[in-house]
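Below is one structure, written out as structure tokens, with a few remarks after it.
The values are calculated or read from the model by the stated rules, or taken from the named source; none is laboratory data. The model shown is predicted, which means the values in this text are computed figures rather than measured ones. Cβ coordinates were reconstructed from backbone atoms using ideal geometry, including for glycine residues, and neighbour counts include every protein chain displayed. Areas reflect the complete protein model, heavy atoms only, side chains present, ligands, DNA and RNA absent. Shrake-Rupley method; radii C 1.70, N 1.55, O 1.52, S 1.80 Å.
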Amino acid sequence: MESTVENSSEINLGKLLAGKRGVVFGVANDHSLAWSCSRLANLAGAELAFSYQAPTLERRVRPLAESINSKFIEQCDLSDDNQVDAFFTKLGKSWPSIDFIIHAVAFANKEDLEGRFVDTTRKGFSLALDVSAYTLTSVCKYALPYMKDNGGSIVTLSYYGAEKVIPNYNVMGVAKAALEASVRYLASDLGGHNIRVNAISAGPVRTLAAMGISGFRDMLKYVEQRTPLKRNVQADEVGKSALYFLSDLASGVTGEVLHVDCGYSIVGM
Ligand code: NAP
């Protein structure tokens with residue numbers, strides 16, 4: 001049976017995140033992986049706060065956030081530390097503490113997601129690494145005063161292109177490798193504050209960001225034929241794994257990169 005939000009709720013997510021408050025970065029629309037994570041976290045009892053990157057993007061995020069009764073929906077371009085600082089300062093006035101963060105943000109210029117990696121410009125490289133990797137560190141830094149010693153959890157989203165060469169993924173693969181290394185360093189730094197930091201390495205899912213990768217449709221077909229589960233992963237399956245990391249089920253797990261990819265990454269040939 002296909003796994004959807006509906007039958008996820010049948011598993012009775014009930015009280016898994018009851019009483020917890022979480023912040024979500026990276027909802028663009030209802031296809032976003034961050035949105036699957038958010039809906040399931042809300043079904044599991046969590047209260048959520050959302051950001052949108054620029055004022056013009058508020059109209060995409062606000063209706064979704066309000067559909068799950070979110071009250072805090074604010075602009076935050078994660079590539080600007082001042083905005084990240086201001087976001088958490090403002091949230092700190094409404095919430096006594098933050099229990100978890102979902103970081104599902106990445107960006108690279110379209111021309112850097114096709115052709116040869118060797119042609120990546122210095123500017124394109126910096127942009128991709130800044131938005132897709134450094135923003136996690138920035139979020140951790142500014143969220144820390146509100147999460148300290150709280151038993152918190154931070155989850156980010158990565159992809160197999162961090163480990164192996166995937167055609168056209170190029171600079172984003174390098175950014176995801178930096179992101180996964182950041183997860184380990186941040187897990188080490190924040191562990192003393194009882195905060196866990198983990199990543200989900202998701203298989204390809206049709207989203208706005210993914211459609212910017214040249215040949216993405218072919219990637220979906222290729223993966224479907226070769227995964228042990230003989231299909232592509234669904235956004236809700238990524239969301240369910242996020243719930244594991246966000247909840248006490250993963251209380252002993254930090255610095256980990258979990259593949260949620262229908263098994264694609266275990267296949268050699
Ligand atoms: P998505 O719906 O397009 O989400 C990407 C999000 O990143 C958007 O909400 C975008 O905001 C946000 N973003 C980009 N630059 C930002 C900035 N400077 N500040 C704040 N937000 C910014 O695509 P998605 O596939 O769900 O991507 C979420 C994460 O999953 C990404 O890290 C992606 O690399 C990862 N991932 C995706 C797949 C896949 O196949 N879809 C597989 C593995 C990992 P705006 O749209 O408002 O600009």
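Considering 91, 136, 78, the condition of being closer than 16 Å to residue 199 by Cβ, open to solvent by less than 30 Å² (accessible area, probe 1.4 Å) and either hydrophobic (A, V, I, L, M, F, W, C) or at pLDDT below 95 (or both) is satisfied by 136 alone.
Please work out which one of (1) away from the ligand (no atom under 13 Å from the Cβ); (2) in a helix (DSSP H, G or I); (3) open to solvent by 10 Å² or more (accessible area, probe 1.4 Å) is the condition residue 167 fails and give its number. With (1) away from the ligand (no atom under 13 Å from the Cβ); (2) in a helix (DSSP H, G or I); (3) open to solvent by 10 Å² or more (accessible area, probe 1.4 Å) applied to residue 167, the lone miss is (2). Of the residues that make up region 194-213, is at least one more than 21 Å from residue 175 (Cα to Cα) and not in a strand (DSSP E or B)? Taking every residue of region 194-213 in turn, at least one turns out to be more than 21 Å from residue 175 (Cα to Cα) and not in a strand (DSSP E or B). For region 239-269, the set of residues classified as within 14 Å of the chain's Cα centre (by Cα), open to solvent by less than 70 Å² (accessible area, probe 1.4 Å) and over 19 Å from residue 177 (Cα atoms) consists of 239, 240, 241, 242, 243, 245, 246, listed by residue number.
Yes or no, residue by residue, for (1) farther than 30 Å from residue 125 by Cα; (2) in contact with a Phe, Trp or Tyr (Cβ under 8 Å, 6 or more places away or on another chain); (3) at pLDDT 95 or above:
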{"residue": "156", "(1), (2), (3)": "no, no, yes"}
{"residue": "185", "(1), (2), (3)": "no, no, yes"}
{"residue": "211", "(1), (2), (3)": "no, no, no"}
{"residue": "265", "(1), (2), (3)": "no, yes, yes"}
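Does residue 221 satisfy the criteria of being modelled with pLDDT of 95 or more, over 22 Å from residue 141 (Cα atoms) and in contact with a helix residue (DSSP H, G or I) (Cβ under 9 Å, 6 or more places away or on another chain)? Spell out how you get there, then give the answer.
Values: modelled with pLDDT of 95 or more: yes; over 22 Å from residue 141 (Cα atoms): yes; in contact with a helix residue (DSSP H, G or I) (Cβ under 9 Å, 6 or more places away or on another chain): no.
Criteria not met by residue 221.
Of all residues in region 187-207, those being among the polar types (S, T, N, Q) and more than 27 Å from residue 232 (Cβ to Cβ) number 2.
Look at (1) on the phi < 0 side of the Ramachandran plot; (2) in contact with a helix residue (DSSP H, G or I) (Cβ under 8 Å, 6 or more places away or on another chain) and you find that residue 168 fails only one, number (1). Restricting region 1-48 to residues that are β-branched (Val, Ile, Thr) and either surrounded by 20 or more Cβ atoms within 10 Å (Cβ to Cβ) or outside any loop (DSSP other than H, G, I, E, B) (or both), the residue that is modelled with the lowest pLDDT is 5.
Does residue 51 meet the test of being at pLDDT 95 or above, closer than 12 Å to residue 21 by Cα, in contact with a Phe, Trp or Tyr (Cβ under 8 Å, 6 or more places away or on another chain) and not charged (D, E, K, R)?
Values: at pLDDT 95 or above: yes; closer than 12 Å to residue 21 by Cα: no; in contact with a Phe, Trp or Tyr (Cβ under 8 Å, 6 or more places away or on another chain): yes; not charged (D, E, K, R): yes.
For residue 51, the condition - at pLDDT 95 or above, closer than 12 Å to residue 21 by Cα, in contact with a Phe, Trp or Tyr (Cβ under 8 Å, 6 or more places away or on another chain) and not charged (D, E, K, R) - is not met.
Residue check: residue 244 meets all listed conditions (1) away from the ligand (no atom under 16 Å from the Cβ); (2) assigned to a loop (DSSP other than H, G, I, E, B) but one, namely (2). Would you be able to say whether some residue in region 214-233 is small (Gly, Ala, Ser) and surrounded by fewer than 19 Cβ atoms within 10 Å (Cβ to Cβ)? Checked against the condition, which is being small (Gly, Ala, Ser) and surrounded by fewer than 19 Cβ atoms within 10 Å (Cβ to Cβ), region 214-233 yields at least one hit.
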